[in-house]
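The values are calculated or read from the model by the stated rules, or taken from the named source; none is laboratory data. All figures in this text were calculated on a predicted structure; none of them were measured in a lab. Neighbour counts are summed over all protein chains in view; Cβ atoms, including those assigned to glycine, are modelled from backbone coordinates with ideal geometry.
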Amino acid sequence: MGRPRLYHTPEAKAAANRAKSTRSYNKYKTDINRRRRAHYRADNPDAIPRPPLRRHNTESMRTLDDITNNTPLHHFIDNLVRTYLAKHDELVLSRPLAMLEKHLRDVQQLEGLILQEQGAGEKWYNARQATLRVQGAVQAMEEIICTTLTCDLAAEHQAGRLMYQKQ
C-alpha cells in the first residue's frame, strides 16, 4: 500500500508549490538578486552602474531633539521667533533653518535606504514619520523667514496666523 495523497486537487498542489517557492525565494533572495544583477550587467555593458549603498552611522547623526534642545518643536520655533523679534538678527532664524535642512537631507537619505533595503515596513514607516516631522519644521521656519520679508512678523505672530501656531 502506498502513502496517502497529500493534495487531492490540482489547485491545492499548485498552492503548496507557490508557498514552497515563496519560502525558498525569501530564504535566498539576496543571492538570487546578486546573480540577477551580475547577469544583467554582463548582458548590458552600457548600463550605468549604481553606486553601492552607503551605510549611515545613525548614532552619530543628529536628531531633531538635539537640534531643538529637547524642547517641543512649537516651543523651539516660538522661542526663535521671540528672539528674532527682540534682536532683529536674521542669524537667529537662518542658522537653525540650515541645521534643519541638513538634518532633513540626512533623514530623507536614510528613509530611502531603508525603503530600498527592507521595503515599506515598520522601520520605513518610522523613518517616514521622522521625515515628515522635520519637513514640517523646515516649512514652518521658511514661512517665518518669508513673513519677515513680506509683512510684519510681530503682527502675524500676535494674531496666531503662523503655521506652527495652528498645529
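Take residue 145 and tell me if it is modelled with pLDDT under 85 and assigned to a helix (DSSP H, G or I). Spell out how you get there, then give the answer.
Working: modelled with pLDDT under 85: no; assigned to a helix (DSSP H, G or I): yes.
It is false that residue 145 is modelled with pLDDT under 85 and assigned to a helix (DSSP H, G or I).
If you scan segment 117-132, which residues turn out to be part of a helix (DSSP H, G or I) and over 10 Å from the mean Cα position of the chain (by Cα)?
First pass over segment 117-132, keeping only residues part of a helix (DSSP H, G or I): 117-118, 122-132.
117, 118, 122 - these are the residues of segment 117-132 that are part of a helix (DSSP H, G or I) and over 10 Å from the mean Cα position of the chain (by Cα).
Need pairs with beta-carbon distance below 9 Å; first residue in a loop (DSSP other than H, G, I, E, B) and within segment 64-81, second exposed (fewer than 14 other Cβ atoms within 10 Å of the Cβ) and modelled with pLDDT under 80; sequence gap 6+ or separate chains.
Close Cβ pairs (under 9 Å, with a partner that is exposed (fewer than 14 other Cβ atoms within 10 Å of the Cβ) and modelled with pLDDT under 80) amount to 71/65.
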